[in-house]
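Below is one structure, written out as structure tokens; comments come after it.
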Amino acid sequence: MASGKVPTSSATLTCLCGAISLPGSYLKESHFPIESEICHCNPCRYSYGSLIPTFFEIKNPPPAPALAKLRKYQFTDVCARYFCATCGTHCFVDHPHKDNEWFCLTGIVELPPSIPNKPPNLVTINSHQYLADTLDGGMAPLFLDPQPNSIKPPTIFAAASRDPDSARDPTDVVTMAQLSLSHPSPQASHLNAKCHCKGVNLSIARADYTTNPHNVHPDKQPTNKAIRDKYAAWFCACRSCRLSTGSSITGHMYVPPAAITDATTGDSVVLGLPALNDSKVNQSAGLKTLTHYRSTESVVRSFCGNCGAYVFYCSVNQDKDGKAGDGHGVIDIAAGLLRAESGSMAREWVYWEDWVSHANEAVDQKLVEVVKEGGWKSVGLAQ
Ligand SMILES: [Zn+2]
Ligand SMILES: [Zn+2]
Ligand SMILES: [Zn+2]
Ligand SMILES: [Zn+2]
């Protein structure tokens with residue numbers, strides 16, 4: 001009996017710019033919350049820019065008028081991804097080898113703000129799949145913290161969840177993460193970040209707050225002052241980030257613009273309003289598919305126009321001289337694009353804070369809780 005539960009028909013499936021807007025009756029399940037697995041596979045992280053993509057099955061393919069506003073990215077026979085051509089929101093996934101098997105990204109589903117009995121979570125995470133791709137366990141360790149009254153932790157699969165032989169013990173996941181924490185400091189001076197299609201291929205100079213050559217504001221430096229060669233990273237649960245990645249919470253690494261170049265040519269990257277207003281910039285090989293969308297008066301977001309990967313959040317609020325930046329001397333890079341040797345969390349380059357911005361906007365409180373309360377510290381993974 002589903003009485004008291006909020007029906008999915010109350011929801012809307014939407015992209016950031018609103019070009020895509022479908023009724024919640026497209027969802028296969030009738031009530032929230034809906035179970036989903038986190039897919040940790042490399043193609044998902046690299047084409048969404050998200051560390052924790054999750055999906056809801058839908059009853060039917062999106063209608064033709066919606067499909068006409070979406071761009072298709074397909075590199076395999078088994079999966080085609082669709083994102084909004086205007087704002088970059090990844091909306092749908094088709095499994096073309098199966099008859100009428102479509103999914104939406106869970107982050108595009110939202111309820112009206114005024115709805116009574118709003119559920120604390122739209123999604124219930126039931127498993128992790130393709131965890132081996134992360135090398136370091138990704139965010140899975142955060143779900144392991146045994147808390148009073150907590151629900152059963154999601155089950156873990158190194159490969160596809162339909163492959164029971166790939167089931168893994170939670171201790172294996174902690175070991176993966178601990179190994180990544182002790183990964184040697186990189187010899188390389190630059191970290192690579194790129195989308196799945198490689199149309200956006202970036203090089204990020206190592207952090208250096210000792211001399212702080214890029215003049216990064218203390219608010220965007222790691223709170224642990226012993227770490228002077230790592231960029232800070234944390235999560236955001238705001239609506240715009242959710243719709244940019246299609247995921248409830250979005251991990252960002254905070255990097256000064258001057259530290260980011262085209263990995264293929266060394267050219268500097270033009271960001272924010274100057275990039276939005278001049279289509280002739282960013283023409284070098286590693287920047288050529290970078291596409292921009294002004295999500296609010298004060299924010300320009302960038303994504304790959306070919307594979308749809310979310311790439312940058314760039315505030316233009318305090319941009320008096322026309323340069324990119326948010327007054328803290330940083331822009332936000334989607335963590336899902338990082339290509340560190342240690343794995344998906346890039347722990348030899350990045351310091352992860354147990355912090356979620358705009359937690360009050362979160363549609364999945366459980367995900368906020370695992371970051372803020374579960375936390376890496378409690379499973380022995382603090383840096
Ligand atoms: Zn859109
Ligand atoms: Zn995947
Ligand atoms: Zn791409
Ligand atoms: Zn945000």
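Dipole of the chain computed with +1 at Lys/Arg Cβ and -1 at Asp/Glu Cβ about the Cα centre; of M253, P184, G308, farthest Cα towards the positive end is G308.
Across the chain, the relative contact order, built from alpha-carbon pairs under 8 Å that are at least six residues apart, equals 20 percent.
Taking the DSSP beta bridges in segment 8-179 as the whole, what percent of them are antiparallel, to the nearest 5? About 75 percent, rounded to the nearest 5. Magnitude of the charge dipole for segment 190-378, about its Cα centre and with charges confined to Cβ atoms of Lys, Arg (+1) and Asp, Glu (-1), is about 260 debye. Here the relative contact order of segment 1-102, from alpha carbon pairs under 8 Å that lie six or more residues apart, stands at 23 percent. Calculated mean residue ellipticity, 222 nm, the chain: -3000 deg cm²/dmol, from DSSP H runs (n ≥ 4) at -39500 (n - 2.57) each, averaged per residue and rounded to 500. For the cross-link pairs K5/K366; K118/K152; K230/K280; K72/K230; K152/K230; K59/K288, which exceed 25 Å when the distance is taken from alpha carbon to alpha carbon? Going by Cα-Cα distance, K230/K280; K72/K230; K152/K230; K59/K288 fall outside the 25 Å limit.
Label sites at K377 and H358, each approximated as a point 7 angstrom past Cα along Cα to Cβ, lie 2.6 nm apart. Taking the inverse of the mean reciprocal distance over all distinct Cα pairs, the Kirkwood hydrodynamic radius of segment 8-179 comes to 17.1 Å. Using a Förster distance of 51 angstrom, determine the FRET efficiency expected from the C-beta separation of K72 and T223, and round it to 0.05. Efficiency computed from Cβ-Cβ geometry: 0.75.
Is the shape of segment 190-378 best called rounded, prolate or oblate, per the rule: a/c under 1.5 gives rounded, else a/b larger than b/c gives prolate, else oblate, with a ≥ b ≥ c the square roots of the Cα gyration tensor eigenvalues? It is rounded, given that a/c, with a ≥ b ≥ c, falls under 1.5. Measure out, as a whole number of angstrom, how far apart the alpha-carbon centroids of segment 268-307 and segment 42-108 sit. One Cα centre to the other: 22 Å. If the chain linking N192 and D208 were pulled fully straight, counting 0.36 nm for each residue of separation and taking away their Cα-Cα distance, it would gain 4.1 nm.
The orientation-averaged projection of the convex hull spanning the C-alpha atoms of the chain amounts to 19.0 square nanometres. Our coupling estimate for segment 227-240, obtained by passing each phi through the Karplus curve with A = 6.51, B = -1.76, C = 1.60 and θ = phi - 60°, is 9, 10, 10, 10, 7, 6, 8, 7, 10, 10, 10, 5, 4, 5 Hz, Gly and Pro reported as x.
Subtracting the Cα-Cα distance of A167 and S25 from their residue separation scaled by 0.36 nm leaves 47.8 nm.
Values in this text are rule-based calculations from the coordinates and carry no lab data. Given the structure is predicted, the values throughout are model-derived calculations rather than measurements. Backbone-built Cβ (ideal geometry, glycine too); neighbour counts: all protein chains shown.
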